[in-house]
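Undergrad: Quick one: the structure is below, and I'll ask about it shortly.
The values are calculated or read from the model by the stated rules, or taken from the named source; none is laboratory data. Values in this document were obtained by computation on a predicted structure and should not be read as measured data. Note that we place each Cβ from the backbone using ideal geometry, even for glycine, and neighbour counts take in every protein chain shown. In case anyone asks, the SASA skips ligands and DNA or RNA and just uses the protein heavy atoms, side chains included. Shrake-Rupley method; radii C 1.70, N 1.55, O 1.52, S 1.80 Å.
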Amino acid sequence: MKIIALICGIIFLFSPYVYAQESAPFTIKSTRRLLVINTENQRTERYLPSSDSEEVRKRSFYKENLELSFEGSVYHPNLMNFNLDAQFGLSQQKEESGIGKSFDTASLGNLRWVTNWLAKKPYAFSLFVDKRNFTRNYEFFERVKTERTAVGGRGRWENKIVPIYYSLEKSDTRERKTTRPSEERELIFNFGGNKTSAKGNSDTRLDYTYSKSERSTPGIYEEKGRTHNLRLSNNLIFGKKEEKRLSSYIYYLTLGGTQDMDSINLSEGLELKHSPNLSSRYSYDLNRVSDRGLKTTTQRGRFQIRHQLYESLTTTFNMHGYLTRATDYDEDSFGPGINLLYRKNIKVGFLTLNYNLTNDFKERRAFSQTILVFDESQTLTDGVVTLLNNPDVDTGSIEVTDSGGTTRYVLNSDYTVSTVGNRIQLSRIATGSIANGSTVLVDYTTSTNPSFDYVSLRQGAGIRTDFLEGKLGLYYRLMSQRYPYSEKVENMVLETTKGKIVGASFNFRPFYGSVEHEKYESSISPYEAYRVRQSFFLTLARRSTLSFQSSQSFTRFQNTGEKQRFYDFMTRYRTPLSSFTFFNMEGGYRRQKGANINLTLQTIRTYIEFQRGFLSFKIGYEFEDKDSWGDLRRDHYIYTEWRREF
């Protein structure tokens, strides 16, 4: 880093006198020179109910750095051109706590250097170095300091046979969160190619990714892993009128390290367009998984025919089924389904009606009293109840990962597990690593695994009417599941359900909102929920803006009487105080209670910024408050930033 600072310093001195010619041994031009001085004072107050004690920590931070940006080339821009952003300086930090005092001095060095080689050639490539320190607000409420270093390159080889692309990146990321700091080291290699026919009716793609990673949270968990991803796909359009489409897909995944797993998936799909109003689709899917010594093979098939009557009524009929062969059970299922969708412009607005019916015949032959469920997909959204698909789950066996199966989440840090009857509810924690609305994969063991033979019948219907050109909408939905026939189910719990949802939404710009009531009647886990959302964005006088968004939900489980609540409110306001001065303020409140969660978050941020010519100055204050089961933490930040561009 000292060598880089010396080089940038020399360039800084001489760059005003160096001007590039189109072809020269070396050209360089300064595009930005900026001096930045930052100060920050932080006070942290924490109360620990377990020991009935309080802790106070103070931190003072000062840094000054020079930011330089350059662009240039070697010999000729088509041979090698580059962009260089460099930042270097010094920082001083003083900390005081109950343990004592400390004082540190460190050198700063952010760097982003991108070099592009042989830009006009079919085998062009680029190399990069990226070292950054930055602060972001995680889900609005929590300040996160991130240090990230990455090196690598990417390129392509354009040719008439199979154009190829590739990339290699090695990164080291550290996140300093107050709730859960983390470290991640990752190596990713990607290679692939695609081929499109001359007529454009066939496209073949191959993609391979290798990754090696180490993730850890001090004192909580540590995991290592490596993955191999291989994807091969082909789409072919054929026929005299190009009315036929054949899609083929192969996906292979292997995980090694903390968790070992192999998976292969093959998929074939054929779409036929018989007439402008009639089409059909045929699909077959094979999935084979080997996880922790257990093997599961599932074959799925589906036939679907779709007919559209005029522009209003669409009817879809399907036959579907699957065969599963696993280490501890075999399961077969097949049945028909139908879906009706009616859309019509009416005098008062737009009307939508839908109805669907699915009939499944299922049979299972069990070889043990428990089964392992792998990669069950669930979506975790604030205020929405998420129940695992099977009852009688061993809560100690639950493991949750991201949608790729590579990042393992931590119980009571990222998510919670609670029992609702003999079902399991999964909820994300707002301060954890699972983003709102994310899809996760869940592995678990369920103890109820008898052999059975039953017929299930699922129905759903809905009506929605939109008025005033979509500004106001009213809707009502029904869904149910029952079992007309069952055999050998003495030791199994079949859940009979009936759900009703009624709601309304409005969109009178700049105001938007919705209100919804759900009543879920179940033989196992009935509940009732209310959900409300509001938001607006206003442009006021003198370039001022004001925005607000909030959501509230209330859920009550009837069997246990448990109540779950979720509220959040966020607002932002920005206005100019003069031609050169701006005022910005934002704040938020979030409350999450129930399902083993008792969390309150509060945040206030405000600053005044002065901008005049090449000079800018900012002074601000930030406040964060977190209360989890009485474990209280408050952070106060006062900071300044002075920037001068030359």
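Undergrad: Could you list log10 I(q)/I(0) for the range 249-389 at q = 0.14 Å⁻¹, which the Debye formula gives when each Cα is one point scatterer?
TA: Those come out to -0.93, one per q.
Undergrad: May I pose another question? For Phe548 paired with Leu79, estimate the spin-label separation in nm (one decimal), with each label point 7 Å from Cα along the Cα-to-Cβ line.
TA: Distance between the two pseudo-spin positions: 6.3 nm.
Undergrad: Among Leu472, Thr496, Tyr483, which residue has its Cα positioned farthest towards the positive end of the charge dipole of the range 455-505, with +1 placed on the Cβ of Lys and Arg, -1 on the Cβ of Asp and Glu, and the dipole taken about the Cα centre?
TA: After comparing all options, I get Leu472.
Undergrad: Shifting gears a bit: Please name whichever of Thr379, Phe511, Val56 sits farthest to the positive end of the charge dipole of the chain, dipole taken about the Cα centre and charges placed at Cβ: Lys and Arg +1, Asp and Glu -1.
TA: Phe511
Undergrad: Suppose the chain between Lys563 and Arg46 were pulled fully straight at 0.36 nm per residue; how much longer would it get relative to their current alpha carbon spacing?
TA: Details: separation 517, 0.36 × 517 = 186.12 nm, distance 2.85 nm.
Using 0.36 nm per residue and subtracting the Cα-Cα distance, I get 183.3 nm.
Undergrad: Let me ask another. Could you give P(r) for the range 230-312, binned at 10 Å from zero, as whole percent values over all Cα-Cα pairs?
TA: 15, 34, 25, 16, 8, 1
Undergrad: Follow-up question, since we're still on this one. So if each residue of separation counts as 0.36 nm, and I subtract the Cα-Cα distance between Thr146 and Asn359, what length gain in nm does that give? Let's see the in-between values first.
TA: Numbers: separation 213, 0.36 × 213 = 76.68 nm, distance 5.15 nm.
Stretched out fully, the Thr146 to Asn359 stretch lengthens by 71.5 nm.
Undergrad: In whole percent, how big is the carbon plus sulfur part of the accessible area of the range 275-328, probe 1.4 Å, protein atoms only? The partial results should precede the final answer.
TA: Values: 1850 of 3280 Å².
Summing carbon and sulfur atoms, their accessible area is 56 percent of the total for the range 275-328.
Undergrad: If all Cα-Cα distances of the range 53-97 are sorted into 10 Å bins from 0 onward, what percent lands in each bin, rounded to whole numbers?
TA: 20, 24, 20, 16, 12, 6, 2
Undergrad: Whole angstrom only: what separates the Cα centroid of the range 317-382 from the Cα centroid of the range 409-447?
TA: Cα centroid to Cα centroid, the span is 23 Å.
Undergrad: Using a 1.4 Å probe on the protein heavy atoms, what percent of the accessible area of the range 94-243 belongs to carbon and sulfur?
TA: Numbers: 5170 of 9280 Å².
It is 56 percent, rounded to a whole number.
Undergrad: Over the range 120-213, how many percent of alpha carbon pairs lie in each 5 Å bin up to the one with the longest distance?
TA: The distribution over the range 120-213 is 3, 11, 16, 15, 14, 12, 10, 8, 7, 4, 1, 0, given as percents.
Undergrad: In addition: Evaluated at 25 °C with a viscosity of 0.890 mPa s, what Stokes-Einstein diffusion coefficient in µm²/s does the chain have when Rh comes from the Kirkwood expression over alpha-carbon pairs? List each step's numbers first, then the result.
TA: Details: Rh = 30.0 Å.
Once the numbers are plugged in, D ends up at 82 µm²/s.
Undergrad: Further question on the same structure: If each residue of separation counts as 0.36 nm, what is the full-extension length gain between Leu632 and Gln308 once their alpha-carbon separation is subtracted? List each step's numbers first, then the result.
TA: Numbers: separation 324, 0.36 × 324 = 116.64 nm, distance 5.96 nm.
Here the answer is 110.7 nm.
Undergrad: Compute, for the chain, the length of the dipole vector about the Cα centre, with Cβ point charges of +1 (Lys, Arg) and -1 (Asp, Glu) only. Units Debye, rounded to 20.
TA: Working: 90 positive and 75 negative charges, 464 e Å.
For the chain, the charge dipole is close to 2220 debye.
Undergrad: Tell me, how many Å apart are the Cα centres for the range 451-527 and for the range 177-254?
TA: After rounding, the separation between the Cα centres reads 35 Å.
Undergrad: Let me ask something else. Would you please give the FRET efficiency between Leu246 and Arg643, computed as 1/(1 + (r/R0)^6) with r the Cβ-Cβ distance and R0 = 56 Å, to the nearest 0.05?
TA: Details: r = 58 Å, r/R0 = 1.04.
With R0 = 56 Å, the Cβ-Cβ based efficiency is 0.45.
Undergrad: Suppose only helical runs count, i.e. DSSP H with n ≥ 4. What mean residue ellipticity at 222 nm does that imply for the chain under -39500 (n - 2.57) per run, divided by all residues and rounded to the nearest 500 deg cm²/dmol?
TA: On the way: 1 runs with 13 residues, N = 646.
-500 deg cm²/dmol, from helical runs alone.
Undergrad: Please compute the alpha carbon radius of gyration of the range 458-570, then divide it by the globular-protein estimate 2.2 N^0.38 Å. Two decimals is fine.
TA: 1.48
Undergrad: Using the heavy atoms of the protein chains and a 1.4 angstrom probe, tell me the accessible area per residue for the range 105-226 in square angstrom. List each step's numbers first, then the result.
TA: Values: 7090 Å² over 122 residues.
Roughly 58 Å² per residue, with all protein chains present.
Undergrad: Same structure again: First obtain the Kirkwood hydrodynamic radius of the range 441-523 from its Cα pairs, then insert it into the Stokes-Einstein equation at 25 °C and 0.890 mPa s, and state the resulting D in µm² per second as a whole number.
TA: Taking Rh from Cα pairs, D becomes 153 µm²/s.
Undergrad: So, one more: At what distance in nm do the modelled label points of Thr539 and Ile463 sit from each other, each positioned 7 Å from its Cα along Cα→Cβ?
TA: Once both label points are built, they end up 4.1 nm from each other.
Undergrad: Whole Å is fine, so just give me how far the alpha carbon centre of the range 541-574 lies from that of the range 262-305.
TA: Result: 41 Å between the Cα centres.
Undergrad: Something else: How many nm is it between the label spots at Leu278 and Arg300, if each spot is 7 Å from the Cα in line with the beta carbon?
TA: So the two model labels end up 2.8 nm from each other.
Undergrad: Just to check, using Stokes-Einstein with a Kirkwood Rh over alpha carbon pairs, what's the diffusion coefficient of the range 407-464 at 37 °C and 0.692 mPa s in µm²/s? Intermediate results must be reported in sequence, preceding the final value.
TA: Values: Rh = 15.0 Å.
For these conditions, the coefficient is 219 µm²/s.
Undergrad: Turning to a different aspect of this structure: So, with +1 on the Cβ of K and R and -1 on the Cβ of D and E, and no other charges, what is the size of the charge dipole of the range 185-290 about its Cα centre, to the nearest 20 debye?
TA: Values: 16 positive and 13 negative charges, 102 e Å.
It comes to approximately 500 debye.
Undergrad: Using the Karplus equation 6.51 cos²θ - 1.76 cosθ + 1.60 (θ = phi - 60°), what ³J(HN,Hα) coupling, rounded to whole Hz, does each residue of the range 501-512 give in order, writing x for Gly and Pro?
TA: 3J(HN,Hα) across the range 501-512, in whole Hz: 10, 10, x, 8, 9, 9, 9, 9, 3, x, 9, 9.
Undergrad: With +1 assigned to the C-beta of every Lys and Arg and -1 to the C-beta of every Asp and Glu, and no other charges, what is the dipole magnitude of the range 430-538 about the Cα centre in debye, to the nearest 20?
TA: Values: 12 positive and 11 negative charges, 100 e Å.
Its charge dipole is roughly 480 debye.
Undergrad: Still on this structure, I have one more. Could you tell me the extents of the range 489-646's C-alpha atoms along the three principal axes, largest first, rounded to whole Å?
TA: Over the range 489-646, Cα extents along the principal axes are 81, 42, 24 Å.
Undergrad: Could I get the Rg over Rh figure for the range 529-581? Both from C-alpha atoms, Rh via Kirkwood, rounded to two places.
TA: Working: Rg = 18.2 Å, Rh = 13.8 Å.
Checking Rg against Rh, the ratio lands at 1.32.
Undergrad: While we're looking at this one, here's another question. Kirkwood hydrodynamic radius, computed over distinct alpha-carbon pairs, for the range 339-467: how many Å, to one decimal? Each step should come with its number before you reach the end.
TA: On the way: mean 1/r = 0.0569 Å⁻¹.
Mean inverse Cα-Cα distance, inverted, gives 17.6 Å.
Undergrad: Right, another one. Quote the FRET efficiency, to the nearest 0.05, computed for Leu90 versus Asn596 with a Förster distance R0 of 51 Å and r equal to the Cβ-Cβ distance.
TA: On the way: r = 46 Å, r/R0 = 0.91.
Taking R0 as 51 Å, the efficiency between Leu90 and Asn596 is 0.65.
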